[in-house]
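Below is one structure, written out as structure tokens; the observations come after it.
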Amino acid sequence: MKKQVVLYKKLSPLLMARLHEQAEVTLIENLDADGLARLRDALPRAHGLLGASLKLDAELLDLAPDLEAIASVSVGVDNYDIDYLTERRILLSNTPDVLTETTADTGFALILATARRVVELANMVREGRWQRNLGPAHFGSDVHGKTLGIIGMGRIGEALAQRGHFGFGMPVIYHSHSPKPAVEQRFNAQYRSLGELLQQADFICLTLPLTAQTERLIGTEEFALMRPQSIFINISRGKVVDEAALTEALRAGQIRAAGLDVFEREPLDLDSPLLQMDNVVATPHMGSATHETREAMARCAVENLLAALAGERPANLVNVRAWKA
Ligand code: DGY
């Protein structure tokens, strides 16, 4: 008998067909109140779940006694209680690698947009406020040759370092839980303590996962170490930053600008003070959002799920202890 899969994310026809070959599929297209009620109804029959952007806590998952596997269409796994899943021997998989380059592109888009004031100046043209040649009040700052500081030297951090080093001639400094000699060799990168990095980098880019250790890693004290010409970029998770402290640092001129793809609460409230500031470029958690990459992520998640439901170890298993158990 085919296993029951609940999808809470729409897939391309090709991937739907692939899933249908192996499983009975229930699709919940929208996670509005109605969709959540349908999800709750479907959970008691589910062997597999596939989707993204939904906090799947014990309260929900206790409704799914037969659940064997969850395939998250994301690299981040902060929406899951990994200890709970491991205890229940539910295999959790994610989609690393396929989104690395695209997410690093987003990081660089934010670096360029903030430093060169792209959004602010493009709006000036669109709104008919471009009446004479630009003067110093509208100048930006250079990107090439400036110091790129990366906090969290995982795959995406490395892809940022590659762009900075080879593309823009930027000295690269980084902070992560341990030094990475291979990265240092490839990009001539230098390891720094967090405090040193915050004091020395022109661009401070967050690329680390949200965990109990990284939650609110960057707050008032950390912003105080940055320089007035520093530009802060976050493409990881909003909760790694104390957003009120970031707002205050921008208001006080402690940093020059911020490029933010992620926020403490998403979608970002329209009345967020961040949206009142010309030196903030805010994007809607679009790090991996290209046609090619989102399809590749979905394909990866489908293969992870089908492997798990067939009793095989998924290629991107997160909670390895659940497999060993
Ligand atoms: C990821 O893959 O984790 C992206 O941030 C989308 O959630």
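Things worth noting here:
- Residue match in region 229-238 (condition: basic (Lys, Arg), outside the structural domain of residue 49 (by TED's automatic domain parsing), under 26 Å from residue 148 (Cβ atoms) and surrounded by 15 or more Cβ atoms within 10 Å (Cβ to Cβ)): yes
- Residue tally, condition surrounded by fewer than 20 Cβ atoms within 10 Å (Cβ to Cβ) and more than 13 Å from the ligand (Cβ to nearest atom), over region 198-210: 2
- The requirement of being touching a residue at least 24 places away in the same chain (Cβ under 8 Å) and surrounded by 19 or more Cβ atoms within 10 Å (Cβ to Cβ) is satisfied by residue 19.
- Considering residues of region 243-289 that are within 16 Å of the ligand (Cβ to nearest atom) and among the aliphatic types (A, V, I, L, M) only, the residue farthest from residue 220 (Cα to Cα): 289
- Test for residue 294: is it closer than 23 Å to residue 50 by Cα and among the basic types (Lys, Arg): yes
- Flag if residue 106 is within 13 Å of the ligand (Cβ to nearest atom), closer than 18 Å to residue 204 by Cα and assigned by TED's automatic domain parsing to the domain that holds residue 145: yes
- Tallying residues that are within 16 Å of the ligand (Cβ to nearest atom), crowded, with 17+ Cβ neighbours inside 10 Å and not hydroxyl-bearing (Ser, Thr, Tyr) within region 83-100 yields 5.
- Residue among 56, 14 that is closer than 20 Å to residue 304 by Cβ and buried (at least 19 other Cβ atoms within 10 Å of the Cβ): 56
The values are calculated or read from the model by the stated rules, or taken from the named source; none is laboratory data. Computed from a predicted model, the values in this text were never measured in an experiment. Positions of Cβ are backbone-derived with ideal geometry, glycine not excepted, and every protein chain shown enters the neighbour counts.
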